[in-house]
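One structure is given below, encoded as structure tokens.
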Amino acid sequence: MKVLILADVGQGGNNWYHIGDEAMFLRNYNVIKKHYSNSQITLLSRSKSRQGLDIKEEINDLFPRGCVGRLILFISLCVQFLSYHTLHLFLKSKVGEMAKLINRHDLLLISGGGNLNSLFPAYLYNRTIILLLAKMLDKPVIATGQTIGPISNLRDSLLIKIILRHIDRFVLRDRKFSISTIPKSNQYRKRISFSVDDAYFLEYMSDLDISGVVTMGTFNIGISLRDWDSDDLYAKVLLALNHLAKNSGKKLKIYLIPHIFDKDNRCDLEKMRNIFVGKIDCEIVPITYQIISESPSGRPEEVVHALTGLMDIVISSRYHGIIFALSQNIPVVGVYENDYYRAKTEGAFDWINSDTIKKLSIDLNRFSGNGLSIVFLGALKNIDLLKKELVRSNKELLVHKDDIPNLLKALCFWSKK
């Protein structure tokens with residue numbers, strides 16, 4: 001069986017890398033290879049990747065990068081969609097190249113992410129174009145691990161409706177925010193199901209040995225904060241961490257774990273270093289590009305996932321920093337500052353069947369530094385209870401481990417090899 005996976009993966013300039021998108025793709029790749037070992041996979045990616053997997057071919061983005069170019073393509077394709085037999089008019093264009101690529105495969109799988117919204121319209125156009133092409137060619141399409149919204153205009157709302165009307169299966173990873181953006185009509189909701197994030201049950205490609213990176217015998221705190229524009233947000237976290245270092249009664253060690261990074265250690269890590277190193281009374285270890293990317297024992301997303309699992313507690317504004325912690329029974333304080341990240345953060349916590357855990361989803365606009373200090377210290381003092389709650393809840397979530405393979409099996413054309 002031939003599978004085309006569309007995933008927002010690949011290296012950007014200066015070896016720029018996004019851990020969360022890679023982890024979602026890797027889990028979907030592993031699922032397909034585990035259940036359908038003879039399948040042939042083609043990866044349609046953002047840019048050149050460092051996969052090193054059993055992938056037949058990798059195709060980098062064929063379409064224009066900007067919103068305007070993709071919008072023109074979308075309008076043109078809508079005209080074609082009204083008349084299937086005129087598709088040959090596009091065969092020498094970029095759309096034609098994409099159509100040929102899709103036509104060589106039996107299934108299109110759109111790997112998860114939070115980019116179907118008005119904040120990143122180019123991604124929305126891209127996925128709509130590819131979906132319409134696949135349906136013109138009568139190919140089944142599944143989208144997994146998705147978040148929808150925010151949607152701020154009628155054009156983008158129309159695109160979401162087009163996707164939901166024509167896709168075969170659409171899996172939402174949050175159960176409240178995304179569904180509130182979708183019309184209540186059954187024609188838009190009948191193909192929707194809900195499951196945890198694609199990376200929640202991430203399995204490693206090989207055994208990892210990163211024990212030399214993390215010190216045992218200290219209370220280890222993982223910090224994964226995105227590159228905020230506001231220094232006030234960092235100041236609140238800094239104040240709370242200083243309070244924790246002085247009042248916890250434990251020997252703390254802080255690990256700065258980036259989820260977007262490059263070979264010069266900019267992006268997430270540069271800002272966290274500037275804010276925290278030398279300003280908290282405990283040892284701070286930046287997890288650099290060299291540690292993440294040059295580990296001989298694992299892929300970058302596996303290394304970050306494994307490092308997160310060695311923490312005693314995590315503080316994260318990164319969605320997959322939260323997912324990596326929750327899924328490994330590591331208590332996490334999730335912090336956010338706007339509606340987009342609120343939806344992602346609360347969507348992750350919503351899967352945990354524990355009010356105690358859910359209270360650790362924090363709106364930074366509603367907390368002072370002192371208020372955040374109380375949250376951090378309370379989480380540390382109740383660490384054993386929080387871990388027990390996560391162990392119990394994650395046992396309940398095991399029912400979702402086979403959601404993606406079950407969706408694949410539900411397609412009548414698919415036969416297990």
Filtering segment 246-268 down to residues that are free of Cβ contacts under 8 Å to residues at least 40 places away in the same chain, farther than 23 Å from Tyr289 by Cβ and buried (at least 16 other Cβ atoms within 10 Å of the Cβ) yields Leu252
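Specify which of the listed residues (Gly321, Gly347, Gly371, Gly334) is part of a strand (DSSP E or B) and among the small types (Gly, Ala, Ser). Outline the logic, then answer.
Details: Gly321 fails: part of a strand (DSSP E or B); Gly347 fails: part of a strand (DSSP E or B); Gly371 fails: part of a strand (DSSP E or B).
Result of the check over Gly321, Gly347, Gly371, Gly334: Gly334.
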Restricting attention to segment 284-301, does a residue exist that is among the hydrophobic types (A, V, I, L, M, F, W, C), closer than 22 Å to Met205 by Cα, crowded, with 21+ Cβ neighbours inside 10 Å and modelled with pLDDT of 95 or more? yes
Looking at (1) of a type outside the set (A, V, I, L, M, F, W, C); (2) outside any strand (DSSP E or B); (3) touching an Asp or Glu at 6+ places or on another chain (Cβ under 6 Å), which is the only condition Lys253 fails? (2)
Residues within segment 218-229 that are out of contact with any Leu (no Cβ under 9 Å at 6 or more places or on another chain) and either free of Cβ contacts under 8 Å to residues at least 24 places away in the same chain or of a type in the set (S, T, N, Q) (or both), tallied: 1
Under the condition of being part of a loop (DSSP other than H, G, I, E, B) and of a type in the set (A, V, I, L, M, F, W, C), which residue from segment 225-250 is farthest from Ser316 (Cα to Cα)? Trp228
Specify the residue that is farthest from Ser157 (Cα to Cα); the eligible residues are those in segment 177-218 that are buried (at least 17 other Cβ atoms within 10 Å of the Cβ) and small (Gly, Ala, Ser). Ala199
Go through segment 256-297 and report how many residues are farther than 24 Å from Phe376 by Cβ and assigned to a loop (DSSP other than H, G, I, E, B). 10
Which residue is modelled with the highest pLDDT, if the candidates are limited to segment 1-26 and must be within 16 Å of Gly298 (Cα to Cα) and part of a strand (DSSP E or B)? His18
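In segment 382-408, what residues are among the basic types (Lys, Arg) and touching a residue at least 40 places away in the same chain (Cβ under 8 Å)?
First, the residues of segment 382-408 that are among the basic types (Lys, Arg): 387-388, 392, 395, 401.
Passing the criteria: Lys387, Lys401.
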Give the number of residues within segment 222-259 that are at pLDDT 95 or above, under 22 Å from the mean Cα position of the chain (by Cα) and not hydroxyl-bearing (Ser, Thr, Tyr). 7
Any idea which residue in segment 1-32 is farthest from the chain's Cα centre (by Cα), counting only those that are crowded, with 17+ Cβ neighbours inside 10 Å and among the charged types (D, E, K, R)? Arg27
The condition of being in contact (Cβ under 8 Å) with a residue 12 or more places away in the chain and closer than 14 Å to Glu302 by Cα holds, among Leu208, Leu238, only for Leu208
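Restricting to segment 302-318, and then to whatever is in a strand (DSSP E or B) and surrounded by 24 or more Cβ atoms within 10 Å (Cβ to Cβ), can you tell me which residue is nearest to the chain's Cα centre (by Cα)? Write out each step before concluding.
Applying the first criterion (in a strand (DSSP E or B)) to segment 302-318 yields 313-316.
Still in the running and surrounded by 24 or more Cβ atoms within 10 Å (Cβ to Cβ): 314-316.
Details: Val314: 17, Ile315: 17, Ser316: 14 Å.
Among them, the one singled out is Ser316.
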Within segment 190-219, can you find the residues that are of a type in the set (A, V, I, L, M, F, W, C) and not in a loop (DSSP other than H, G, I, E, B)? Ile192, Phe194, Phe219
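Got a sec? Which of Phe120, Phe177 is free of Cβ contacts under 8 Å to residues at least 12 places away in the same chain and among the aromatic types (Phe, Trp, Tyr)?
Details: Phe177 fails: free of Cβ contacts under 8 Å to residues at least 12 places away in the same chain.
Of Phe120, Phe177, the one residue that is free of Cβ contacts under 8 Å to residues at least 12 places away in the same chain and among the aromatic types (Phe, Trp, Tyr) is Phe120.
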For Leu407, all conditions in the list (1) more than 28 Å from Ile192 (Cα to Cα); (2) at pLDDT below 95 hold save one; what is the number of the exception? (1)
Only listed residue being touching a Lys or Arg at 6+ places or on another chain (Cβ under 9 Å), closer than 24 Å to Ile210 by Cβ and among the hydroxyl-bearing types (Ser, Thr, Tyr), chosen from Tyr341, Tyr319: Tyr319
Pick from segment 118-146, criterion over 19 Å from the mean Cα position of the chain (by Cα) and charged (D, E, K, R), ranking: nearest to Ile5 (Cα to Cα): Lys139
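The values are calculated or read from the model by the stated rules, or taken from the named source; none is laboratory data. Computed from a prediction, not measured in an experiment: that's the story for all the values here. Heads up, the Cβs are rebuilt from the backbone with ideal geometry, glycines too, and the neighbour counts pull from every protein chain shown.
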